[in-house]
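J.: Sharing a structure below in structure tokens format, with a few things to ask.
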């Protein structure tokens, strides 16, 4: 199975999973971008996965369902999302028709309350929960919920590929470098990402191992991040409080 990015809107990636001529897409915020990619690659859309209800992840559903009759559209149990054919919850498994793989559903509240992720083989499609070098804003959930969701992702095997849905990496790494200016792994990764973007290439996917090494939101219990927060915010007593302080810092960065 291959996984390729479809660039859409300002900085979204719609991930296309495909084998032979069968394809599934994750979070189609733009039907036009998906249709153009399918035509170019001579692929037949067999289904859609949705992580959460924000428009830039769902706006293409209706058009794609009209173009490909009877395809499954799988997503959170949230009535706001129109066009779903199956509403799923944490722990369920979904067969991806035509790809020969199963997606395991994981609940990732924080950015939104309905947010889901999908683990497929050694890949996780995590929407706007975990970004490379960062994490999503807390639009609906609490700091405790987001910290728990990120901890769940951080516990995945180190070689798990991270397919998030925005090209936010360079901005995130600028903040991460302010938090941990002496993190050599971060400095090396930032140079690589700058070269990728200069060449017009994505910085994604990342890996869980990479994110553990460079993402401050997965590193709130490390001495370096604790020290940075202590200098700026004062000493925080636990992991959730440190995460909340870090997210607040990033919101103002």
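J.: In this structure, does residue 117 turn out to be in contact with a helix residue (DSSP H, G or I) (Cβ under 9 Å, 6 or more places away or on another chain), on the phi > 0 side of the Ramachandran plot and not in a helix (DSSP H, G or I)? Step through it out loud before you land on a result.
T.: Values: in contact with a helix residue (DSSP H, G or I) (Cβ under 9 Å, 6 or more places away or on another chain): yes; on the phi > 0 side of the Ramachandran plot: no; not in a helix (DSSP H, G or I): yes.
When the stated conditions are applied, residue 117 does not pass them.
J.: Looking only at helices (runs of 4 or more DSSP H) that lie completely in segment 1-79, which have at least 2 residues being crowded, with 18+ Cβ neighbours inside 10 Å and touching a helix residue (DSSP H, G or I) at 6+ places or on another chain (Cβ under 7 Å)?
T.: Counting at least 2 such residues, we get 31-41.
J.: Looking only at residues in segment 83-110 that are touching a helix residue (DSSP H, G or I) at 6+ places or on another chain (Cβ under 7 Å) and not in a strand (DSSP E or B), which one is surrounded by the most Cβ atoms within 10 Å (Cβ to Cβ)?
T.: Pass one, segment 83-110, residues touching a helix residue (DSSP H, G or I) at 6+ places or on another chain (Cβ under 7 Å): 83, 106, 108-110.
Subset that is not in a strand (DSSP E or B): 83, 108-110.
On the way: 83: 16, 108: 31, 109: 22, 110: 28.
Once the filter is applied, the top-ranked residue is 108.
J.: Oh, and also: Looking only at residues in segment 231-253 that are more than 18 Å from residue 177 (Cβ to Cβ), in contact with a helix residue (DSSP H, G or I) (Cβ under 9 Å, 6 or more places away or on another chain) and not in a helix (DSSP H, G or I), which one is modelled with the lowest pLDDT?
T.: 235
J.: Tell me, which residue of segment 155-174 that is assigned to a helix (DSSP H, G or I) and surrounded by 18 or more Cβ atoms within 10 Å (Cβ to Cβ) is farthest from the chain's Cα centre (by Cα)? Please lay out each step first, then the result.
T.: Applying the first criterion (assigned to a helix (DSSP H, G or I)) to segment 155-174 yields 169-174.
If we keep only those that are surrounded by 18 or more Cβ atoms within 10 Å (Cβ to Cβ) too, we end up with 169, 172-173.
Working: 169: 12, 172: 13, 173: 16 Å.
Across segment 155-174, the extreme among qualifying residues is 173.
J.: OK, next. Among the residues of segment 120-144, what is the count of those that are within 17 Å of residue 91 (Cα to Cα) and free of Cβ contacts under 8 Å to residues at least 40 places away in the same chain?
T.: The total comes to 1.
J.: Let me ask something else. So which residues in segment 213-230 are surrounded by fewer than 17 Cβ atoms within 10 Å (Cβ to Cβ) and touching a helix residue (DSSP H, G or I) at 6+ places or on another chain (Cβ under 6 Å), if there are any at all?
T.: Of segment 213-230, the ones surrounded by fewer than 17 Cβ atoms within 10 Å (Cβ to Cβ) are 221-224, 226-227, 230.
Selection gives 221 alone.
J.: Within segment 25-67, work out how many residues are out of contact with any strand residue (DSSP E or B) (no Cβ under 9 Å at 6 or more places or on another chain) and in contact (Cβ under 8 Å) with a residue 60 or more places away in the chain.
T.: Pass one, segment 25-67, residues out of contact with any strand residue (DSSP E or B) (no Cβ under 9 Å at 6 or more places or on another chain): 31, 39-40, 42, 55, 59, 62-63, 66.
Among the residues that remain, those that are also in contact (Cβ under 8 Å) with a residue 60 or more places away in the chain are: none.
The qualifying residues number 0.
The values are calculated or read from the model by the stated rules, or taken from the named source; none is laboratory data. What you see is a predicted model, and the numbers here were worked out from it, not measured in a lab. Cβ: placed from backbone, ideal geometry, glycine included. Neighbour counts: every protein chain shown.
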